[in-house]
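Structure first, commentary second.
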Amino acid sequence: MGLQGDDFKSGRNVYSTPKHFVSYGIPLGGHNGQQAIIGERALFSDHLMPFREVTKAGVKTIMTSYNSVDGIPATSHKYLLKDILRDNWGFKGFVFSDLQSIEGIAGTHRVAPSIKHAAALALDAGVDADLGGNAYGRNLKQAYNEELISMENIDTAVANILRLKFEMGLFENPYVEPSKAKQVVRNQKHKDLAREVAREGTVLLKNSNDILPLKDNIGSIAVIGPNADNIYNQLGDYTAPQERENIITVLDGIKNRVSSNTIVRYAKGCNIRDTSESDIEEAVKVANQSDIILLVIGGSSARDFKTEYIETGAATVSDNKLEAISDMESGEGYDRKTLKLLGDQEELLSKLHETGKPLIVVYIQGRPLNMNNASEKADALLTAWYPGQEGGNAVADIIFGDYNPSGRLSISVPHSVGQLPVYYSLGKQTDYVEGSSAPLYSFGYGLSYTDFEYSDLKIYVAGEDIVVNCKVANTGDRDGSEVVQLYIRDNVSSTYTPPIQLKGFKKTPIKKGETKEVEFTLTHDDLALYNNEMNRVTEAGEFTVMVGSASNNIHLRGSFSIE
């Protein structure tokens, strides 16, 4: 919603597009765009909920997804697109397809005999615009002539789109001023913001014996790994070609940060996927010459601009074993059946561990990857996800203590793919024969360079709302920010509700020795569920309140009742 703002005629704001509507993230076998087998209550409680919230906030456009929802293609799902999105939630914007998802109604899902019939189904279901243009552009006139659609269908779609264009003032001011781009794109304010975003998104997962932050007087550091000095690997999918000097890699960031007395050595060691160019021996040699090892591994959504892509923009994975394999292992069209590090990355990590040198491991990644080996052998472990153009400076800021890490995991990191799904809201599961059912790192988890203590939980009624208040003290010797997390449980409900549900979080800066109050407000809608009749209601009964620093690290508990 930050992209959209409130001033549509500003010339700076654009309509934001939540995607993909809906249940795109739970396809069979993890395959892009396939069936999502899901019950109605889980669909409404979990997957539709974020779209419901952004619709209430005033979002103007929504994109449909490639998958089907319980057998009905999302791009022709009239019940969801009209009855729920527009009639029930009051959505006033326009809906458009993902690229070729209308064609997929006939091709992938085979619920229409032709693209013409698929286009008619999509338009009648409430899809106002065709992203690719071919399905509608080549077929709607004929579909109208054959009475597969009505003029009312066309008028409604056109009106939904024109309304937003008028609201944005595109007819009065259809052109932009290109010279403004040079003043705005990559100006210092935006670079600083990119650096701050990367800092706040990086999560410290392990810090044995407080090895981090590193001291300024370090003699030498070996920066090693396939993601240590690759600009595209830290930028994410659908990134256009970039000028090298505009992107700060981790190697760049370390060089920028250390003093002239610190020696920085670099070795790539291996690629993300391809093993034909690995030189682990050279990496070990560089490591042995240095005091500290900083290993940067993980994954990549980097388009190498040589890979072939289908018209949707999804990549085609080559079967030619003689070609060098691109680093890309995440992104549209790159489905995974394991979460292990690819190529020779695990071997590289193990060989560097064997040197006996202090080992700091940073994951740069687009999906959760297996961290078992790294968690065991690294002295410090961080994930920076895709940290963007200032990512290298941000990682260096954290490693040398210029910024106290405050990032928290928005997913759970599993031990094994056999655990999946490993949602925090499933609560504690029975253990497996082979070991614990708990994730390696839980949702909401993340370390800091300081310590926090929680106390004085208070829960009281304020009109129609429930207020939850507590105190958080910084008991360490550094200023820091704590992400205070509020979870609840409906102790007895008419339909199943999760044993733990996140209902709020607040990142709170607290200076060393300082105590702050943190307060949350729960509305009746926060406590609601879909009952046996699929009505959203708040039921009478007792609710448990849990306040903590992670889903598996609850510090304060209390309860309240709804009469």
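The values are calculated or read from the model by the stated rules, or taken from the named source; none is laboratory data. Given the structure is predicted, the values throughout are model-derived calculations rather than measurements. Counting neighbours? That spans all protein chains shown, and the Cβs are built from the backbone with ideal geometry, glycine included.
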Taking into account only those residues within region 243-259 that are over 27 Å from the mean Cα position of the chain (by Cα) and assigned to a loop (DSSP other than H, G, I, E, B), which is modelled with the highest pLDDT?
-> Val258
Residues satisfying the stated conditions in region 466-514, i.e. surrounded by 14 or more Cβ atoms within 10 Å (Cβ to Cβ), of a type in the set (Asp, Glu) and under 24 Å from Arg199 (Cβ atoms) | Asp479, Glu482
Do you know which residues across region 425-460 are farther than 18 Å from Leu556 by Cβ and not in a loop (DSSP other than H, G, I, E, B)?
-> Ser425, Leu426, Tyr441
Exactly one of Ser493, Ser448, Ser455 is within 30 Å of Leu339 (Cα to Cα) and not charged (D, E, K, R), and that one is Ser448
Kindly provide the set of residues from region 141-165 that are in contact with an Asp or Glu (Cβ under 9 Å, 6 or more places away or on another chain) and farther than 11 Å from Phe94 by Cα, ordered by number.
-> Leu148, Ile149, Ser150, Asn153
Can you name the condition, by its number, that Asn246 falls short on among (1) crowded, with 19+ Cβ neighbours inside 10 Å; (2) in contact (Cβ under 8 Å) with a residue 24 or more places away in the chain?
-> (1)
Mind checking which pairs have a first residue in region 350-367 that is in the same structural domain as Leu204 (by TED's automatic domain parsing) and a second that is surrounded by fewer than 20 Cβ atoms within 10 Å (Cβ to Cβ) and outside any helix (DSSP H, G or I), Cβ under 6 Å, 6 or more apart or different chains?
-> Pro358/Ile211; Pro358/Asp379; Leu359/Asp379
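Here are Leu162, Leu148: which of them is free of Cβ contacts under 8 Å to residues at least 60 places away in the same chain, assigned to a helix (DSSP H, G or I), not assigned by TED's automatic domain parsing to the domain that holds Val264 and not polar (S, T, N, Q)?
Every option except Leu162 fails the conditions.
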Checking Glu519 against (1) acidic (Asp, Glu); (2) closer than 29 Å to Val203 by Cβ; (3) in a loop (DSSP other than H, G, I, E, B), which single condition isn't satisfied?
-> (3)
Condition test on Leu409, is it in contact (Cβ under 8 Å) with a residue 60 or more places away in the chain, in a loop (DSSP other than H, G, I, E, B) and outside the structural domain of Lys337 (by TED's automatic domain parsing)?
-> yes
Identify, from the list Thr430, Thr450, the residue that is among the β-branched types (Val, Ile, Thr) and touching a Lys or Arg at 6+ places or on another chain (Cβ under 6 Å).
-> Thr450
